[in-house]
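Reading through the structure tokens given below for one structure.
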Amino acid sequence: MSIIMFLCIGLVAGWIASHLVEGHGYGAIADVLLGIAGAFIGGYIFDFFDIAAYGFLGNVAMSVVGAVVFLGLIRLFSRKVRRT
């Protein structure tokens, strides 16, 4: 897969995942990084459950699943300070 296609999948997956979890995007660079991290995590998850992803849409779906898991882990381990 070319680097351009990898970045496009990362951008689309990061944007979708950030809108699913937070309701807004984080910006183009952060969405690409989120999608790339999601691709790695989604690859491990899909491999663990022996699920194959084919084509552009399959890779985007796998990356979105990984990015949503990644964002969930970030939210789980980060604490926001609430001001009263």
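Using the per-residue mean of other Cβ atoms lying within 10 Å as a proxy for protection, in what order, highest first, do the peptides 22-32, 65-75 fall?
Values: 22-32: 13.4, 65-75: 18.3.
Those peptides, ordered most packed to least, come out 65-75, 22-32.
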Could you pull out which residues in segment 46-60 have an amide N less than 20 Å from a spot 7 Å beyond the Cα of residue 8, following the Cα-Cβ vector? 53-60
Percent of accessible area on segment 1-65 owned by carbon and sulfur, 1.4 Å probe? 76 percent
Per residue and in cubic angstrom, what volume does the convex hull of the Cα atoms of segment 16-56 have? 77 Å³
For the chain, state what percent of all Cα-Cα pairs lands in each successive 5 Å bin, counting from 0 Å until the bin that includes the largest distance. 3, 17, 25, 24, 15, 8, 4, 2, 1, 1
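Compare the peptides 6-14, 55-63 by average per-residue count of other Cβ atoms within 10 angstrom and give them in order, highest first.
Details: 6-14: 21.0, 55-63: 17.9.
For the peptides 6-14, 55-63, the packing ranking is 6-14, 55-63.
The values are calculated or read from the model by the stated rules, or taken from the named source; none is laboratory data. Because the structure is a prediction, the values reported are computed rather than measured. Note that each Cβ is placed from the backbone with ideal geometry, even for glycine, and that neighbours are counted across all protein chains shown. Note: areas computed on protein heavy atoms with side chains; ligands, DNA, RNA excluded. Shrake-Rupley method; radii C 1.70, N 1.55, O 1.52, S 1.80 Å.
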